[in-house]
Amino acid sequence: NIDYFEMDGQDVEFKRNYFDHVLCGFGLFFFSDIQKGLLSWKRVMKPGAKVGFSSFLPSSFSPMAELFITRLQAYGYAKDFEVAQKLDSVEKCEQTLSSAGFENIQISQQSMGYHIATGRDWWDVVWNTALRSLLDNLSDDELERFQVEHMAEGEALAVEDGIYLPVDVLFSFAEKPD
């Protein structure tokens, strides 16, 4: 059986020493206070329990992500996707887990890239991920123009196999001390 609870991931409301594992896929870097979240998770983990999370390396989604940010800046929005940079290296992940008091830290890297057929497929990636939030300040007309222009950039990169999107991932695991 599975129970679903909606709550603040930075301040989980479960009793102490409750979970054997806490896992988070591509979400921890969205926390405004990662340390607070990890400490909250550690509180609800049993001694010896494992925590794990995944995060992106800077090379992920290149060059489409860079084209996206550059085009957004051309529209006068100088935003960068800084949230993903919080845990974008082995050193940052190790430091974050260590600072929260976790032990036996193990971090591995895996390349999980794939091909998309068209610029439209890239737009689907943008629209269905956190990248979409960077478009919030565009007017409807700007958004429509941005989409056409950016998809054309993707089409220009397409080769016989389409557009390759590298997705380089860090998998970070650690244990709560006994």
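Would you check if there is a residue in region 90-111 being touching a helix residue (DSSP H, G or I) at 6+ places or on another chain (Cβ under 6 Å), of a type in the set (Lys, Arg) and surrounded by 14 or more Cβ atoms within 10 Å (Cβ to Cβ)? There is no residue in region 90-111 that is touching a helix residue (DSSP H, G or I) at 6+ places or on another chain (Cβ under 6 Å), of a type in the set (Lys, Arg) and surrounded by 14 or more Cβ atoms within 10 Å (Cβ to Cβ).
In region 13-38, what count of residues is obtained for those that are closer than 17 Å to residue 102 by Cβ, open to solvent by less than 90 Å² (accessible area, probe 1.4 Å) and within 20 Å of the chain's Cα centre (by Cα)? Residues flagged as closer than 17 Å to residue 102 by Cβ, open to solvent by less than 90 Å² (accessible area, probe 1.4 Å) and within 20 Å of the chain's Cα centre (by Cα) within region 13-38 amount to 10.
For region 1-57, which residues satisfy the criterion of being in a strand (DSSP E or B) and basic (Lys, Arg)? Talk me through it step by step, then tell me what you get.
Step one: of region 1-57, the residues in a strand (DSSP E or B) are 19-25, 45-56.
Listed by number, the residues that qualify are 46, 50.
Is it the case that residue 59 is among the hydroxyl-bearing types (Ser, Thr, Tyr), within 20 Å of residue 169 (Cα to Cα), surrounded by 13 or more Cβ atoms within 10 Å (Cβ to Cβ) and modelled with pLDDT of 95 or more? So residue 59 does not fit the description; no.
Pull out all pairs, ordered by first then second residue, where Cβ-Cβ is under 6 Å, the residues are six or more apart or on different chains, the first lies in region 117-138 and is farther than 16 Å from residue 70 by Cα, and the second is among the hydroxyl-bearing types (Ser, Thr, Tyr) and not in a helix (DSSP H, G or I). Matching pairs, first to second residue: none at all. Per the conditions (1) in contact with a strand residue (DSSP E or B) (Cβ under 9 Å, 6 or more places away or on another chain); (2) free of Cβ contacts under 8 Å to residues at least 40 places away in the same chain; (3) within 23 Å of residue 55 (Cα to Cα), the sole criterion not satisfied by residue 155 is (3).
The values are calculated or read from the model by the stated rules, or taken from the named source; none is laboratory data. Model, not experiment: these values are computed from the prediction. Quick reminder, even Gly has a Cβ in these numbers, built from the backbone with ideal geometry, and neighbours come from all protein chains shown. Note: accessible area is taken over every heavy atom of the protein model, side chains too, but ligands, DNA and RNA are not part of it. Shrake-Rupley method; radii C 1.70, N 1.55, O 1.52, S 1.80 Å.
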